[in-house]
Amino acid sequence: MTATAETTSAAAPKDGDVLVDVRGVKVHFPIKKGVIFDRTIGYVYAVDGVDLQIRRGETYGLVGESGCGKSTLGRAILNLEPPTEGTVEFDGVDIASLSGETLRRKRQDIQMVFQDPMGSLDPRQSVESLLLEGMKAHGLAKNEKEANARLRELLKAVGLPAAALKKYPHEFSGGQRQRIGIARALSVNPKLIVADEPVSALDVSVQAQVINLLEELQDEYGLTYLVVAHDLAVVRHISDRIGVMYLGALVEEADAEELYEHPLHPYTRALMSAVPVPDPVVEDRRERILLTGDLPSPANPPKGCRFHTRCPWRQETRCDTERPELRSVQLEGVSPGHRVACHWAEQIASGELKPHEVKAQITEQSDLGGDEDLMGPASIQEAL
Amino acid sequence: MTETIENIQTRRGEDAGPLLSVRDLKVTFQRSGEQPFVAVDGVSFDVRPGQTVGLVGESGCGKSVTSLAIMGLLPERGVKIEGEVLYNGQDLLKLSRNQMRDRRGADLGMIFQDPLSSLNPVVPIGIQVTEVLERHRGLSRKAATPIAREMLEKVGIPDPNRRLTDYPHQLSGGMRQRALIAIALAAQPRVLIADEPTTALDVTIQAQILALLKELVEDTGTALIMITHDLGVVAGLVDRVNVLYAGKIVERGNRHELFAEPRHPYTWGLLNSIPRLDGTRGQKLTPIPGSVSDNLPWASACAFAPRCSQPIEVCREQQPELVEEGTRALRCFNPIDDEVRSGRTPDAQAPTSTQPRDAAYPTDDPKGDPTMEESR
Ligand SMILES: Nc1ncnc2c1ncn2[C@@H]1O[C@H](COP(=O)(O)OP(=O)(O)OP(=O)(O)O)[C@@H](O)[C@H]1O
Ligand SMILES: Nc1ncnc2c1ncn2[C@@H]1O[C@H](COP(=O)(O)OP(=O)(O)O)[C@@H](O)[C@H]1O
Ligand code: SF4
Ligand code: SF4
Ligand SMILES: [Mg+2]
Ligand SMILES: [Mg+2]
C-alpha cells in the first residue's frame with residue numbers, strides 16, 4: 001500500500017494502517033439510445049476521479065446529496081461496479097486483479113448493509129437460513145454444533161432473541177430487519193462493512209438503536225466501516241473521518257470534528273447550514289447559506305469547478321475553467337489531513353472573499369437521453 | 001377570497017379566532033373481514049391566520065390521515081370519520097363531495113410529499129397554474145398567464161417563461177415541489193396543508209422550500225399546517241407543535257417551550273435519540289427501545305408504555321387524558337420532570353445500549369410465539 005503512495009497527491013495520508021486504498025476511481029455509465037442499434041450518446045459521470053484511503057478500524061463517512069455518486073463509489077469499492085478507471089486496493093491487493101477462490105475469499109472480508117432491509121432480505125428465507133447461507137459458503141459452519149453456537153452469538157450481538165431464527169423477514173419491524181441485515185453481514189467475519197444509508201429507511205425513534213449497534217459492533221469486532229449517507233448529522237455522529245461528495249467527486253475530506261469546526265469548501269458550508277437542528281434557539285439565530293437552483297446533471301457536469309453554477313463565492317477567474325484538485329491547505333486550526341477542492345479556500349476562510357448572490361440556473365432534466373415522448377422519468381435516478 | 005391580504009393580516013396571530021378548528025377527529029378504517037383500525041383517535045387542534053401549526057410524529061402515527069380528512073380526500077368506502085372540522089365556524093365534514101371540491105383550492109390548499117404523483121403528468125405546468133387561476137379567481141386564460149408566470153417566479157423557478165410549457169417530468173424534484181406550491185398558492189387558500197413537503201428532497205433544496213413557506217406565511221397571513229417527522233424542521237418553522245403518537249396528540253406546546261421543556265417521555269425520547277449536527281461527538285445516543293409494533297391499545301392503557309423510559313403502574317391500566325394547561329397540553333401520568341431533564345437522560349437505568357429492554361422484541365409476533373418470552 002505504501003508503495004503506491006508516492007504516485008498520488010501529496011496530501012494522501014501516510015499515517016495509520018490503510019485498509020482500503022482508492023486511487024483515481026471513475027465510474028461512467030453509458031447512456032444508450034436507439035431502437036435497433038444501441039448507440040451510446042453520452043455518459044453519466046457518476047464517479048469521476050476519487051482518491052481516498054480508509055484506515056483499519058475507523059469509520060469513514062461519505063456524505064452528499066442524492067445522485068452525487070456515493071452509492072456508486074461504495075459499490076465500486078466492493079467491485080460490484082467495476083471502475084471505468086482507477087484502482088481499489090483492499091488490504092494491499094488490487095481487487096480487480098483477483099479471480100476464483102482468492103476473489104471469493106476477499107469478498108468475504110467486505111460485506112454490505114443496505115438501506116432497505118426488506119428489499120435486501122429474501123422474504124422466503126427464514127432468519128436462520130439467511131444467516132447460514134454466507135457461513136456455509138465460506139466454510140464457517142463446519143458442523144451443526146458450531147453453526148448453532150455461532151448463530152446464537154450473532155443474534156445476541158445484534159440484539160435479537162434466539163427465537164427469531166425460525167421467523168421470516170416480514171415478521172419483524174424495520175429496525176429489527178436492519179439488525180438481521182447487520183447480522184448477515186457479520187456472519188462471515190468481515191473486515192470492512194460498507195453500509196449504504198443504513199438508517200434512512202427507519203423511523204426516527206429507531207434510528208438510534210441501529211446507530212448504537214453499529215458502534216458497539218465496531219468496538220467488539222474491530223471492524224472498519226464505510227458509511228454512505230445523505231444525513232450529515234448521522235454521518236458526523238458515527239464517523240471518524242468524512243468525505244463530502246458533489247457531482248461525482250470529493251470536494252472536502254477531514255476528521256469529523258474538524259469538518260464541523262472548520263468547513264472549508266463552499267458546498268460543505270452550504271450543506272451544513274441547511275441541516276435543520278432540533279433546537280429553536282439555534283434555528284432562530286442561524287445564518288443559512290441558501291443555494292439557488294438544483295444539482296446539475298451528472299451526465300453534463302459543469303466545466304471547471306463542478307460547484308461553480310451554485311457557488312456563492314465563485315470568482316471570475318479559475319472557477320469556471322480549471323477543475324480544483326483535492327489539496328491540503330495551510331490555515332490555523334486546519335490539520336494537514338484536511339483536504340479541500342476549492343481554488344479559493346484560503347481566501348474564503350480568511351474572510352477576504354465574501355459570498356455574493358447567485359442567479360439560479362436551469363438544470364435540464366430532459367437531456368439525459370431517454371425518449372421524451374415516452375414520458376420518461378425525470379432523472380436516471382428515478383429509473384433505477 | 002374577496003378578502004384582501006391586509007384584512008387577513010390584521011386578524012392574524014393569537015388574538016384572532018381560529019380559522020380552522022379540528023375537534024375530536026376520529027378516523028376508522030374498516031375493511032370487510034378485518035378488525036377496524038383507528039388511524040386518528042380524537043385529535044383536536046386550532047389553526048389561526050398567519051400561524052404555522054405542526055403535526056409531528058413517526059411513520060404511521062396518523063399525520064397524513066388527519067390532513068386527508070381535513071381536505072375531504074379520504075375514500076368514502078371503508079372509512080368512518082367522526083368529529084368536526086370547523087372552517088370559519090362551518091363543519092367541513094358535513095359538506096357534500098361537490099361542495100368540498102369547491103372549498104379545496106379556494107379555502108384549503110395542500111402540498112404533498114411526492115409532487116410527481118400530485119401533478120397532472122400530461123398537462124404543462126403553466127396550464128396547471130392558469131387553470132387554478134381561471135377556476136378560483138375567475139380570470140380569463142389571457143389574464144391568467146402573466147400571473148402564472150409571476151407565481152412560478154415567486155416560488156423560485158428560474159426562467160419561468162420557458163417553464164410554463166414544461167411538463168412535470170421535465171422538472172427536477174425540487175422544481176416540481178415549487179410548481180406544486182405555485183399551483184396551491186394560485187388559488188390563494190387561507191389554510192395550506194403541507195404533508196412532508198421536503199422529505200423527498202435534498203437538504204439544500206429543503207432549505208430553499210422551507211424558506212419559501214416561511215416567507216409565504218409572513219407575507220400573506222396564510223395559515224400553514226406543517227406535517228413532518230423531522231424535529232429539526234419543526235424547530236425552525238412551526239409556531240405551535242402537536243406531537244402525535246399512535247393516532248393521538250400526546251403533547252402540545254409553542255415551539256420554544258416544547259423544545260426547552262419537553263414533558264412527554266416520547267417527545268423527550270425523540271429529542272435524545274436524534275444525532276444533532278451541533279451535538280457533542282462521541283456522546284452516545286439514547287434510543288427509544290422497541291418500535292410502534294409494541295404499542296398497547298389506547299382504550300385501556302398508554303400506548304407508549306412498553307417503550308416508555310418511566311412508566312408507572314397506572315400506565316398499563318388506564319388511558320391518560322390530554323390535559324390542557326395554559327399554552328401546553330400533555331397526555332401522560334408520569335411526565336418528565338426537571339430532575340430528569342437536567343440529567344439529560346430519561347432515567348437512571350435508561351437503555352443506552354442497543355439492546356433495548358423488554359419492549360424491543362416481537363410482541364407484534366402475529367402468531368404470538370410464546371418462545372419469544374423465554375429469550376428476554
Ligand atoms: N386507506 C387506508 N386503509 C387502511 N389503513 C390506512 C389507510 N390509510 C392509512 N392507513 C393507516 O393509518 C395509519 C396512519 O397513516 P398515515 O398515513 O396518517 O401515517 P403518517 O403519520 O402520515 O405516516 P408517514 O410518516 O409514514 O407518512 C397507518 O397505520 C396506516 O397504515
Ligand atoms: N447502473 C446505472 N446506470 C446508469 N446510471 C446510473 C447507474 N447507477 C447510478 N447511476 C447514476 O449515477 C449517478 C450517481 O448515482 P448514485 O451513486 O446512486 O448516487 P447517490 O448514492 O449519491 O444518491 C446518478 O446520476 C445515477 O442516476
Ligand atoms: S473553486 Fe470557485 S466555484 Fe468552486 S467552490 Fe471554490 S470558489 Fe466556489
Ligand atoms: S402515561 Fe405512563 S407510559 Fe405513557 S408516556 Fe406517560 S409515563 Fe410513559
Ligand atoms: Mg444512494
Ligand atoms: Mg404521511
*Set the Förster distance to 35 Å, then compute FRET efficiency between B:THR165 and A:LYS156 from the Cβ-Cβ distance, nearest 0.05.*
0.05
_Averaging over every viewing direction, what projected area does the convex hull of the Cα atoms of the stretch B:240-321 cover, in nm²?_
6.1
*Evaluate the charge dipole of the stretch B:37-97 about its Cα centre and quote only its size in Debye, nearest 20, assuming +1 on the Cβ of each Lys and Arg and -1 on the Cβ of each Asp and Glu.*
200
_If R₀ is 22 angstrom, what is the calculated FRET efficiency for the pair A:GLU287 and B:THR280, using the beta carbon separation as r and rounding to 0.05?_
0.50
*What does the charge count near B:SER300 come to, summing +1 for each Lys or Arg and -1 for each Asp or Glu among other residues with Cβ under 12 Å from its Cβ?*
0
*Would you mind checking A:LYS32/A:LYS359; A:LYS33/A:LYS303; B:LYS214/B:LYS248 for any pair whose Cα atoms are more than 29 angstrom apart?*
A:LYS32/A:LYS359
*Pull out the extension gain between A:LYS303 and A:ARG56, defined as 0.36 nm times the separation in residues minus the alpha carbon to alpha carbon distance; nm, one decimal.*
85.4 nm
*Take the Cα gyration tensor of chain B, multiply each eigenvalue by 5, square-root it, and list the three semi-axes largest first, rounded to whole angstrom.*
39, 23, 21
*Once you charge only the Cβ atoms, +1 for Lys and Arg and -1 for Asp and Glu, what is the size of the charge dipole of the stretch B:115-188 about its Cα centre, to the nearest 20 debye?*
80
_Within chain B: Cβ-based charge dipole about Cα centre, in debye rounded to nearest 20 (Lys, Arg +1; Asp, Glu -1)_ = 1160
*Relative to the present Cα-Cα distance, how much length would full extension add between B:THR199 and B:HIS256 at 0.36 nm per residue of separation?*
18.2 nm
*May I ask for the longest run of chain A untouched by GluC sites (Glu not before Pro) that are loop-located per DSSP and have at most 11 neighbouring C-beta atoms (other than their own) within 10 Å?*
A:1-286
*Descending semi-axes in Å of the stretch B:115-188, equivalent ellipsoid built from Cα gyration tensor*: 18, 12, 11
*Per residue of A:248-261, what is the mean number of Cβ atoms on other protein chains within 10 angstrom of that residue's Cβ?*
1
_For chain B, take the longest principal axis of its alpha carbons; what is the angle in degrees between that and the long axis of helix B:173-186, to the nearest 10 within 0 to 90?_
70
*Provide the FRET efficiency to the nearest 0.05 for the A:ASP219-A:LYS354 pair, computing r from the beta carbons and using R0 = 60 Å.*
0.85
*Report the paramagnetic label zone for A:VAL93: residues of the stretch A:24-46 whose backbone N is under 17 Å from a point 7 Å from Cα along the Cα-to-Cβ axis.*
none
*If you project the alpha carbons of the protein assembly as shown onto the principal axes, what extent comes out on each, in Å, largest first?*
77, 68, 59
*May I ask you to sort A:LYS145, A:LYS166 by Cβ crowding, counting other Cβ atoms within 10 Å and putting the fewest first?*
A:LYS145, A:LYS166
*asked:* Show log10 I(q)/I(0) for the stretch A:103-160 at q = 0.29 Å⁻¹, two decimals, from a solvent-free Debye sum over equal Cα scatterers.
replied: -1.30
*Cα pair distances in chain A, grouped into 10 Å bins until the bin that holds the longest one, percent each*: 5, 21, 30, 26, 14, 4, 0
_With Cα atoms, 0 to 90° folded angle of helix B:125-137 axis to chain B main axis_ = 80
*the stretch B:245-298: which trypsin sites (Lys or Arg not before Pro) are DSSP loop and have at most 16 other beta-carbon atoms within 10 angstrom?*
B:ARG281, B:LYS284
_Separation in nanometres of the label points that stand 7 Å from Cα toward Cβ, at B:ALA299 and B:GLU76_ = 3.0
*asked:* Name the residue from B:PHE45, A:GLY86, B:LEU25 whose Cα lies farthest towards the positive end of the charge dipole of the protein assembly as shown, charges +1 on Cβ of Lys and Arg and -1 on Cβ of Asp and Glu.
replied: B:LEU25
*Surface/4 of the Cα convex hull for the stretch A:122-189, nm²*: 4.0
_Cross-link pairs beyond the 22 Å C-alpha cut-off, checked among A:LYS70/A:LYS156; A:LYS136/A:LYS166; A:LYS145/A:LYS166_ = A:LYS70/A:LYS156
*Report, in deg cm²/dmol and to the nearest 500, the calculated mean residue ellipticity at 222 nm for the protein assembly as shown, where each DSSP H run with n ≥ 4 adds -39500 (n - 2.57) and the sum is divided by the residue count.*
-9000 deg cm²/dmol
*Which values of log₁₀ I(q)/I(0), to two decimal places, follow from the Debye formula for the stretch A:156-201 at q = 0.31 Å⁻¹ with a uniform point scatterer at every Cα?*
-1.29
*What relative contact order, as a whole-number percentage, does chain A give when Cα pairs under 8 Å and 6 or more residues apart are counted?*
18
*Once you put a point 7 Å from the Cα of B:GLU150 and another 7 Å from the Cα of A:LEU103, both along the Cβ direction, what distance in nm separates them?*
6.4
*Can you give the translational diffusion coefficient of the stretch A:66-151 in µm²/s, computed by Stokes-Einstein from the Kirkwood radius over Cα pairs at 25 °C and 0.890 mPa s?*
161
_Cα pair distances of the stretch A:138-257 binned at 5 Å [whole percent]_ = 2, 9, 19, 21, 18, 13, 8, 5, 3, 1, 0
*Among B:LEU73, A:LEU213, which comes first, then next, by fewest other beta-carbon atoms within 10 Å?*
B:LEU73, A:LEU213
*By how many degrees, between 0 and 90 and to the nearest 10, does the Cα long axis of helix B:97-106 differ from the longest principal axis of chain B?*
80
*In terms of the Cα gyration tensor, with a ≥ b ≥ c the square roots of its eigenvalues, is the stretch B:132-241 rounded because a/c is under 1.5, prolate because a/b exceeds b/c, or oblate?*
oblate
*Using the charge dipole of the protein assembly as shown (Lys, Arg: +1 at Cβ; Asp, Glu: -1 at Cβ; taken about the Cα centre), state which of A:LEU132, B:LEU277, B:GLN35 has its Cα farthest towards the positive end.*
B:GLN35
*Which loop chymotrypsin sites (Phe, Trp or Tyr not before Pro) in the stretch A:35-125, with loop taken from DSSP, have no more than 14 other Cβ atoms within 10 angstrom of their Cβ?*
A:PHE37
_Show me the trypsin sites (Lys or Arg not before Pro) within the stretch A:25-78 that DSSP assigns to loop and that have at most 15 other Cβ atoms within 10 Å of their Cβ._
A:ARG56
*asked:* For A:PHE29, B:PHE45, which order do you get if you count the other beta carbons within 10 Å of each Cβ and list the fewest first?
replied: A:PHE29, B:PHE45
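Readers should treat all values here as calculations from the given coordinates under stated rules, not as data from a laboratory. Keep in mind that what you see is a predicted model, and the values were worked out from it rather than measured. All Cβ positions, even for glycine, are placed from backbone atoms using ideal geometry, and neighbour counts span all protein chains on display.
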